[in-house]
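S.K.: Can you keep this structure in mind? I'll have questions shortly.
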Amino acid sequence: MRIYFHNTLNFLSKLTPRRIWNFTQVLASYYVSKWTRRAVQWGFPVSVSIEPTTACNLRCPECPSGLRAFTRETGNLKANFFQKTIEELHRDLLFLIFYFQGEPYIHPKFLEMVEFAHRKKIFTITSTNGHFLDDENARRTVESGLDRLIISVDGTTQETYEQYRIGGKLDTVLEGARNVVRWKKTLKSRTPHVIFQFLVVRPNEHQIGEIQRLAREIGVDEVKLKSAQVYDYQQGNPLIPTLDRYARYRQTSAGNWTVKHALDPHCWKLWHSCVITWDGLVVPCCFDKDAQHRLGDLKTASFSALWHSPAYYAFRRAILRGRDQIDICQNCTEGCRVWV
């Protein structure tokens with residue numbers, strides 16, 4: 001695995017004795033739970049994903065935001081609620097991911113929230129489709145202190161790109177990346193660490209080499225090749241890549257398709273992280289896109305109360321009994337190999 005020196009050094013600068021101790025407690029409780037099959041939870045989350053908005057400008061076919069297919073309420077995160085939540089969590093928190101569903105830059109106060117978290121010395125990350133990185137937003141992104149910027153670039157030609165990023169303009173995305181890289185140089189900033197995330201699907205798998213060349217040309221720090229989650233995969237799907245290395249699914253001798261990795265009865269995510277929706281619901285992980293497994297509501301309870309609540313312990317126990325019995329776990333990447 002390649003080590004990115006400046007990104008690593010930046011992360012290490014966020015460590016405090018309290019955060020290290022919290023991580024140690026969380027890790028220990030995870031292994032105790034895994035080995036004993038009893039749900040034990042010490043400490044508080046190391047990583048939290050928070051949802052700035054459910055709105056999105058694109059219509060990607062495997063995304064509830066793109067499909068406009070939510071059954072839960074949709075809207076924008078309120079800045080005062082965000083600040084209250086971070087005030088409670090920041091002393092233990094290492095990573096704050098500004099993403100769940102939707103396009104973060106649509107939120108009018110998104111970068112102000114990044115700045116707030118940066119002042120709390122939390123390592124901040126966001127994932128964007130890249131259509132809002134005009135010159136001003138690119139400058140403000142660098143100035144905000146954002147630590148990692150993931151830009152989805154799922155094709156190196158417009159024809160290929162738009163097969164998944166429906167409604168998107170590749171030229172706009174690439175120009176946005178160039179804007180960020182230019183402002184990093186102008187402001188002499190090491191951050192954000194810019195990543196091109198390439199979701200490998202059948203229409204674009206032949207462009208893997210080209211995306212890596214394009215990233216070098218623009219000055220992007222890193223390329224991540226990501227396997228695609230497909231909802232309707234049992235009978236095959238035109239998005240499933242032919243390159244087995246990047247496919248989450250395999251065809252059986254009977255001709256149908258199945259997830260190719262085992263669903264082991266444990267999950268690190270349930271011990272070290274969670275997701276907070278725009279309206280304060282706490283859900284177990286990013287695979288619960290429609291917030292069906294609601295473990296609490298921050299509008300009516302503190303996070304510490306929810307994290308150690310009977311509902312959360314019950315869900316952890318269910319994980320230990322078998323992930324194959326939980327709907328959101330059945331198409332999950334936990335346990336999949338990660339490719340860089």
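The values are calculated or read from the model by the stated rules, or taken from the named source; none is laboratory data. Fair warning: this is a prediction, and the values are worked out from it, not measured in the lab. Because the Cβ atoms are built from the backbone with ideal geometry, glycine has one as well, and the counts that use them run over all protein chains shown. Ligands, DNA and RNA are stripped out before the accessible areas are found, and what is left, the full protein with its side chains, is counted by its heavy atoms. Shrake-Rupley method; radii C 1.70, N 1.55, O 1.52, S 1.80 Å.
S.K.: Being at pLDDT 95 or above, basic (K, R) and outside any helix (DSSP H, G or I), is that true of even one residue in segment 140-152?
M.R.: Within segment 140-152 (the criterion being at pLDDT 95 or above, basic (K, R) and outside any helix (DSSP H, G or I)), the answer is yes, since at least one residue qualifies.
S.K.: In segment 159-174, what count of residues is obtained for those that are open to solvent by 20 Å² or more (accessible area, probe 1.4 Å) and either within 19 Å of D134 (Cβ to Cβ) or in contact with a Pro (Cβ under 8 Å, 6 or more places away or on another chain) (or both)?
M.R.: First, the residues of segment 159-174 that are open to solvent by 20 Å² or more (accessible area, probe 1.4 Å): 159, 162-167, 169, 171-172.
Narrowing the set further to residues that are either within 19 Å of D134 (Cβ to Cβ) or in contact with a Pro (Cβ under 8 Å, 6 or more places away or on another chain) (or both) leaves 163-167, 169, 171-172.
Within segment 159-174, residues that are open to solvent by 20 Å² or more (accessible area, probe 1.4 Å) and either within 19 Å of D134 (Cβ to Cβ) or in contact with a Pro (Cβ under 8 Å, 6 or more places away or on another chain) (or both) number 8.
S.K.: When you scan segment 14-116 for helices (runs of 4 or more DSSP H) that lie fully inside it, which ones turn up with 2 or more residues that are over 17 Å from the mean Cα position of the chain (by Cα), modelled with pLDDT of 95 or more and among the aliphatic types (A, V, I, L, M)?
M.R.: Helices (runs of 4 or more DSSP H) meeting the threshold: 17-36, 79-89.
S.K.: Another one. Kindly indicate the residue of segment 291-340 that is touching a Phe, Trp or Tyr at 6+ places or on another chain (Cβ under 6 Å) and part of a loop (DSSP other than H, G, I, E, B) and also modelled with the highest pLDDT among those meeting that condition.
M.R.: Selected residue: L295.
S.K.: Continuing with this model, one more query. Examine segment 101-114 for a residue that is over 21 Å from F132 (Cβ atoms), out of contact with any Phe, Trp or Tyr (no Cβ under 6 Å at 6 or more places or on another chain) and open to solvent by less than 40 Å² (accessible area, probe 1.4 Å), and state whether such a residue exists.
M.R.: Here is the first cut: in segment 101-114, the ones over 21 Å from F132 (Cβ atoms) are none.
No, segment 101-114 has no match at all.
S.K.: Counting just the residues of segment 117-128 that are over 16 Å from P45 (Cα atoms) and open to solvent by less than 10 Å² (accessible area, probe 1.4 Å), which one comes out farthest from the chain's Cα centre (by Cα)?
M.R.: Within segment 117-128, the match that is farthest from the chain's Cα centre (by Cα) is T128.
S.K.: Just name the residue that is nearest to the chain's Cα centre (by Cα) out of those in segment 266-288 that are open to solvent by 40 Å² or more (accessible area, probe 1.4 Å) and under 30 Å from P241 (Cα atoms).
M.R.: Applying the first criterion (open to solvent by 40 Å² or more (accessible area, probe 1.4 Å)) to segment 266-288 yields 268-269, 278, 286.
Then drop every residue that is not under 30 Å from P241 (Cα atoms), which leaves 268-269, 286.
On the way: W268: 15, K269: 12, C286: 7 Å.
Applying the filter and picking the extreme gives C286.
S.K.: Within segment 195-202, can one find any residue that is surrounded by 15 or more Cβ atoms within 10 Å (Cβ to Cβ) and assigned to a loop (DSSP other than H, G, I, E, B)?
M.R.: Going residue by residue through segment 195-202, those that are surrounded by 15 or more Cβ atoms within 10 Å (Cβ to Cβ) are 195-202.
The next check asks that each one be assigned to a loop (DSSP other than H, G, I, E, B); those that pass are 201-202.
Yes.
S.K.: Scan segment 226-239 and give yes if some residue there is of a type in the set (D, E, K, R), part of a strand (DSSP E or B), without any contact (Cβ under 8 Å) to a residue 12 or more places away in the chain and touching a Phe, Trp or Tyr at 6+ places or on another chain (Cβ under 8 Å), otherwise no.
M.R.: Our first condition is that a residue be of a type in the set (D, E, K, R); within segment 226-239, this holds for 226, 232.
After this cut, where a residue has to be part of a strand (DSSP E or B) as well, the list is 226.
Going one step further and asking which of them are without any contact (Cβ under 8 Å) to a residue 12 or more places away in the chain, we end up with none.
No, segment 226-239 contains no residue that is of a type in the set (D, E, K, R), part of a strand (DSSP E or B), without any contact (Cβ under 8 Å) to a residue 12 or more places away in the chain and touching a Phe, Trp or Tyr at 6+ places or on another chain (Cβ under 8 Å).
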